[in-house]
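The values are calculated or read from the model by the stated rules, or taken from the named source; none is laboratory data. Treat the numbers as computed from the prediction; the structure is a model and nothing was measured. Cβ: placed from backbone, ideal geometry, glycine included. Neighbour counts: every protein chain shown. Quick note on the areas: whole protein, heavy atoms, side chains included, nothing else; ligands and nucleic acids left out. Shrake-Rupley method; radii C 1.70, N 1.55, O 1.52, S 1.80 Å.
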Amino acid sequence: MIWLLSLREWQRRPLRMSISTLGVALAVAALWSLLAFGRGYRDGVQDELDHLGAHVLLAPKGCPYDATSLALHGASWPCYLKAAYLNQVRAVPGVAKAAPVLMNAFIDDSGAQTVYLGVDSNLLALKGGWHLSGRFPTFRGDLLLGADVARKNDWHIGQTVSLPGLNGARGTVSGILAPSQSADDGFIYTRLSDAQTWFQRRGELTHVLVRLRDPDQLDDVVAQLRSCGAGLEMNVVPLSHIFHSIEGLVNATRALLLCIVMVALLVAGAGVSNTLMIAVSERTREIGVMRALGAKHGEIFRVFWAQALQLCGVGAIAGVSIGWTAARETDAWLRAQLPYSPHNSMVHSDWPTTLACILGAMLLGTMAGGLPAWRASCLTPSVAMRARGERA
Amino acid sequence: MACVVFDAKRCDAGAGRTRLKLVGENFPAVSNDIKMETLSFAVEADGLTRIYKRGGEEVRALDGVSFRVRDGEFVSIVGASGSGKTTLLNLLGCMDAADRGTLRLAGHEVGAINERARTRLRRDHIGFVFQHFGLMPTLTVHENVALPGLFGRRIWPSRHQKSLDARADELLERVSLAHRRNHRPHELSGGEMQRVAIARSLLNTPRLLLADEPTGDLDSATGESIIELLQELNRDGLTILVVTHNTALAAIAEHQISLRDGRLIQDSTDQML
């Protein structure tokens, strides 16, 4: 009944209650999106680096973040490494595998991108998670297709196809990768020598993926790679450092956004508190009547406290629903804003985040409702009965 | 047994016997911390004084008011505006505390019990009827009547709820408003609202009913029906104290108390003071 008394307030002041709830809902939606984005982004970046299968990326001199982004997502590179560096890299102690890559990309008139990667069999040692049908490119013109490429073009193993962006060049599909939910799904792998021929980059590479014998020796190996003869000509990028740098940047941005969301939550809480203060003022006579009928201080407190919890509870559920429903749009918007975004969804909808938001909103309700409820409960019946305002 | 503690004249009068029986049946001793005692006086006020401070100035709203009300009496409290009627009613309803004097309600000295016990005393032994009815606008008629039964209970009174519903229905039958059970207060006439308020005041089978201008917001015909209902309740043994300007209502009371400037100027049982 205490809950009923609070619930019925919605019938009396639907607009005021709805506006307060909307404030909470928007703040909770922002909080949910921010938390979901944080998890999604970190998981997405980590996933992509895991799919790359390397501990260190060797790229031409320039920005290491750009190089990582190019290697992860596929693009045409502005400069190249000499293939001859490969032997020096492989000679460094601690290097288990060094897989050379020559990457190039073409964008057709419709804006669709085709990414080619010239690779050798060393790549297989890095891609332990790959499941492929057919065989890895071994003979001239062999192609290994990412799952999305095969599906979109309806290409099958054994089929000879014209290669998009390469005038007249043809290849034969030797294998197709199982879907991996990563950038690999959109790549076309071919032999390194074929790629060098097609793109007229003989003796050149875009990057080298390096896997270490012991990842704990990362700093030592990176130091040795930098000090080898080729080290001066290339960028040695430890991917875990990149991950932590990206994570740090994103976390700093998130912390700033979180402050803004917290302010929004405080404002929403103040709105709830204000709504209840007005309700206490309007219902002072009712409070007096309830006290006269035998309601204890605690029971009056619960009536208004329950109202705050209801406001914030409904607001939280609405906010989480908004966040969840708009996750795709939020993801698209974030992709347009961020310089680097992972292939997978960056807004990770999950129950722990949802539960945390709802509990947070209930805590907000507890705090926002505390003062008005306390004020209501402290009214003495005789004083409350004399109050002006709505007649009970 | 109970007759011994009641006034002998009343028992002899016959009507008093009826009252006595009903008091014994309908208003049994209630446990909790407060033990009901079957006494001949429902109210014993001795030198009640209430002083308010307004702008640094002391205002004696009540000044040494003493009177007694026997169980089953119908008492009217009359006086001009500002004479202290409402202040007295607040004290009798345990909604305010006297600055001086003693007040015994249902055998309990109000000044000696704490706020929680006063709330319990109010809930279990005192019914209220207000001039402006005091109905919760968002609750139905039935929910309004059941409201006092929800206070002092557990948060989820599932078992209690059935008997509470039945009691509320019974009271609505008694005030002839069973057909309005699911209506909201704003759908009722003034007389119906006051009947609902009276039904609500009876929910916890009080020993004492305090009514503050119960006909004040009603037209004369509707007011008369409310007066009849109060008389009927009094005939069933309920002690009623009414603050009123309504001369018809004041006239039917067997015991009249008049106040002026916070002082008791006439108590019909003691004649002029």
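Some notes on this structure:
- Residue selected from segment A:145-191 under the condition among the aliphatic types (A, V, I, L, M) and part of a strand (DSSP E or B), by the criterion farthest from the chain's Cα centre (by Cα): A:161
- In segment A:219-244, the residues that are under 18 Å from the mean Cα position of the chain (by Cα) and open to solvent by 40 Å² or more (accessible area, probe 1.4 Å): A:240, A:244
- Members of segment A:52-75 found to be without any contact (Cβ under 8 Å) to a residue 24 or more places away in the chain and either assigned to a helix (DSSP H, G or I) or of a type in the set (Gly, Ala, Ser) (or both), listed by number: A:66
- Any hit, segment B:178-190, residues being open to solvent by 30 Å² or more (accessible area, probe 1.4 Å), in contact with a strand residue (DSSP E or B) (Cβ under 8 Å, 6 or more places away or on another chain) and within 13 Å of chain A (Cβ to nearest Cβ): no
- Test: residue A:173 is out of contact with any His (no Cβ under 9 Å at 6 or more places or on another chain) and farther than 30 Å from residue A:46 by Cα: no
- In segment A:264-292, the residue that is farthest from the other protein chains (Cβ to nearest Cβ) out of those that are open to solvent by less than 10 Å² (accessible area, probe 1.4 Å) and either without any contact (Cβ under 8 Å) to a residue 24 or more places away in the chain or outside any helix (DSSP H, G or I) (or both) is A:283.
- Inspection of segment B:92-103 finds no residue satisfying the criterion of being out of contact with any helix residue (DSSP H, G or I) (no Cβ under 9 Å at 6 or more places or on another chain), within 9 Å of chain A (Cβ to nearest Cβ) and among the acidic types (Asp, Glu).
- Filter pass, residue B:123 being among the charged types (D, E, K, R), more than 20 Å from residue B:236 (Cβ to Cβ) and surrounded by 22 or more Cβ atoms within 10 Å (Cβ to Cβ): yes
- Residue count, segment A:1-53 (criterion: within 14 Å of chain B (Cβ to nearest Cβ), open to solvent by less than 40 Å² (accessible area, probe 1.4 Å) and hydrophobic (A, V, I, L, M, F, W, C)): 3
- Matching residues in segment A:360-375 - criterion: being more than 13 Å from residue A:275 (Cα to Cα), touching a residue at least 12 places away in the same chain (Cβ under 8 Å) and not hydroxyl-bearing (Ser, Thr, Tyr): A:360, A:361, A:362, A:364, A:367, A:374, A:375
- Of all positions in segment A:131-144, at least one carries a residue that is crowded, with 21+ Cβ neighbours inside 10 Å and either modelled with pLDDT under 90 or not in a loop (DSSP other than H, G, I, E, B) (or both).
- Only a single item in (1) in contact with a Gly (Cβ under 9 Å, 6 or more places away or on another chain); (2) within 12 Å of chain A (Cβ to nearest Cβ) is not met by residue B:137, and it is number (1).
- Boolean, residue B:68 is away from chain A (no Cβ under 14 Å), open to solvent by 40 Å² or more (accessible area, probe 1.4 Å) and either assigned to a loop (DSSP other than H, G, I, E, B) or at pLDDT 90 or above (or both): yes
- Pairs with Cβ under 6 Å, 6+ apart, first in segment A:144-171 and closer than 13 Å to residue A:187 by Cβ and without any contact (Cβ under 8 Å) to a residue 60 or more places away in the chain, second open to solvent by 50 Å² or more (accessible area, probe 1.4 Å) and not in a strand (DSSP E or B): A:147/A:179
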